[in-house]
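Below is one structure, written out as structure tokens; comments come after it.
The values are calculated or read from the model by the stated rules, or taken from the named source; none is laboratory data. If you're wondering where the values come from, they're calculated on a predicted model, not measured in any experiment. Every residue, glycine as well, gets a Cβ built from its backbone with ideal geometry; the counts of neighbours run over all protein chains shown.
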Amino acid sequence: MFAQERLRAITEILHTEKKVLVKNLSKKFNISEDAIRKDLKLLENQGILKRTYGGGILEKQTPAFEKVAERNAHNYDKKEQIAEKAFSMLQNKETILLDISSTNLILAQKIVQSDLSLTVISNSIDILHALSKDEKTTLISLGGMYFQLAGGFVGSETIDSVQKYNVQKTFLGSCGVDLKTKSLTTFNVEDGNTKRAFMESGRDVYLVMESKKFHYDGIYKFASVDQLTGIILDEKPSDAIEKQLAKL
């Protein structure tokens, strides 16, 4: 198991059990206790846990990485609100990029039902399928390494492909936002590197997410919040979060 996979597994255990013990993790992953302590220190630096004697406790909510079908089924009403707001920003003949995201899938379905003629670039299998029979949409698929859990393509080939295009609007997904470090996060390094390239290819970059994700974190930081054009939410965030956002 690679270090990044182990960190993700430890994060999932934290989310389920709220605490971890060094000796138990050492046995589970068949590595030294010193190596586990280094993992816990890294997770503490990311604000995910607080180290304690012999282990650590959950510092912040960190959702387990769900398969794409599970994500698509959760909180549809909230995601539909976000997708509707994103759709209202689209203009005819634009080139847009839709990242792997269950909210972006709903946005793609709205595009199919509309009169808009767009060029849509995506690395998501579900989004590509949703738009594949829409004759008024010019559809561009970004290939690469298939990330089964996410349901799309990521990695160096995907990054090379997207760099060829000039994108007006990019709609990005994320596992969470850490306002303390101003970081956008995900669970997978290749996914994070791909998202970073998507941001660089877009003139305007919008994060589409539920407000609850201000309290969630992935384990890999791929960009800073202040690199975004805006964040499209389902509902108004708390006053405390609004104050933090205003400082960015």
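Please determine, by comparing only the residues of the stretch 168-180 that are over 15 Å from THR194 (Cα atoms) and among the aliphatic types (A, V, I, L, M), which one is modelled with the highest pLDDT. Talk me through it step by step, then tell me what you get.
Kept after step one, since they are over 15 Å from THR194 (Cα atoms), are these residues of the stretch 168-180: 168-169, 176-180.
Restricting the remaining residues to those that are among the aliphatic types (A, V, I, L, M) gives 177, 179.
Working: VAL177: 90, LEU179: 79.
Here the residue is VAL177.
Within the stretch 6-52, can you find the residues that are assigned to a loop (DSSP other than H, G, I, E, B) and closer than 22 Å to LYS213 by Cβ? Steps first, please.
Filtering the stretch 6-52 for residues assigned to a loop (DSSP other than H, G, I, E, B) gives 18, 30-32, 46-48.
Of everything in the stretch 6-52, those that are assigned to a loop (DSSP other than H, G, I, E, B) and closer than 22 Å to LYS213 by Cβ turn out to be LYS18, GLN46, GLY47, ILE48.
Name the residue that is surrounded by the fewest Cβ atoms within 10 Å (Cβ to Cβ), counting only residues in the stretch 193-203 that are within 15 Å of ASN104 (Cβ to Cβ) and out of contact with any Phe, Trp or Tyr (no Cβ under 6 Å at 6 or more places or on another chain).
Across the stretch 193-203, the extreme among qualifying residues is MET199.
Any residue that is assigned to a strand (DSSP E or B) and in contact with a Phe, Trp or Tyr (Cβ under 8 Å, 6 or more places away or on another chain) - is there at least one of those in the stretch 100-120?
First, pick out the residues of the stretch 100-120 that are assigned to a strand (DSSP E or B): 119-120.
From the residues that got through so far, the ones that are in contact with a Phe, Trp or Tyr (Cβ under 8 Å, 6 or more places away or on another chain) too are none.
No.
Within the stretch 53-60, can one find any residue that is more than 28 Å from ILE159 (Cα to Cα), in contact with a strand residue (DSSP E or B) (Cβ under 9 Å, 6 or more places away or on another chain), part of a helix (DSSP H, G or I) and at pLDDT below 90?
Scanning the stretch 53-60, I find no residue that is more than 28 Å from ILE159 (Cα to Cα), in contact with a strand residue (DSSP E or B) (Cβ under 9 Å, 6 or more places away or on another chain), part of a helix (DSSP H, G or I) and at pLDDT below 90, so the answer is no.
Can you pull out the residues in the stretch 123-166 that are in a strand (DSSP E or B), among the small types (Gly, Ala, Ser) and buried (at least 24 other Cβ atoms within 10 Å of the Cβ)? Before the answer, list the steps.
Of all residues in the stretch 123-166, those in a strand (DSSP E or B) come to 124, 138-141, 145-147, 152-154.
Add one more test, that the residue is among the small types (Gly, Ala, Ser), and what stays is 124, 141, 152.
Across the stretch 123-166, the qualifying residues are SER124, GLY152.
Return the residue satisfying two criteria in turn: it lies in the stretch 228-243 and is buried (at least 17 other Cβ atoms within 10 Å of the Cβ) and at pLDDT 95 or above, and of such residues it is farthest from LYS169 (Cα to Cα).
Per the criteria, the residue is LEU233.
What number of residues within the stretch 168-224 satisfy the criterion of being among the polar types (S, T, N, Q) and under 25 Å from GLU242 (Cβ atoms)?
Kept after step one, since they are among the polar types (S, T, N, Q), are these residues of the stretch 168-224: 168, 170, 174, 181, 183, 185-186, 188, 193-194, 201, 211, 224.
Within this subset, residues satisfying the condition of being under 25 Å from GLU242 (Cβ atoms) are 170, 174, 181, 183, 185-186, 211, 224.
Looking only at that region, the number is 8.
In the stretch 211-227, which residue that is crowded, with 19+ Cβ neighbours inside 10 Å and of a type outside the set (Ser, Thr, Tyr) is nearest to ILE106 (Cα to Cα)? I'd like the intermediate steps shown before the answer.
Of the residues in the stretch 211-227, the ones crowded, with 19+ Cβ neighbours inside 10 Å are 213-214, 216-220, 222-223.
Right, trim to of a type outside the set (Ser, Thr, Tyr) and you get 213-214, 217-219, 222-223.
Values: LYS213: 18, PHE214: 21, ASP217: 23, GLY218: 23, ILE219: 26, PHE222: 24, ALA223: 24 Å.
Ranking the candidates gives LYS213 first.
For LYS169, which of the numbered conditions (1) assigned to a loop (DSSP other than H, G, I, E, B); (2) surrounded by fewer than 21 Cβ atoms within 10 Å (Cβ to Cβ) fails to hold?
(1)
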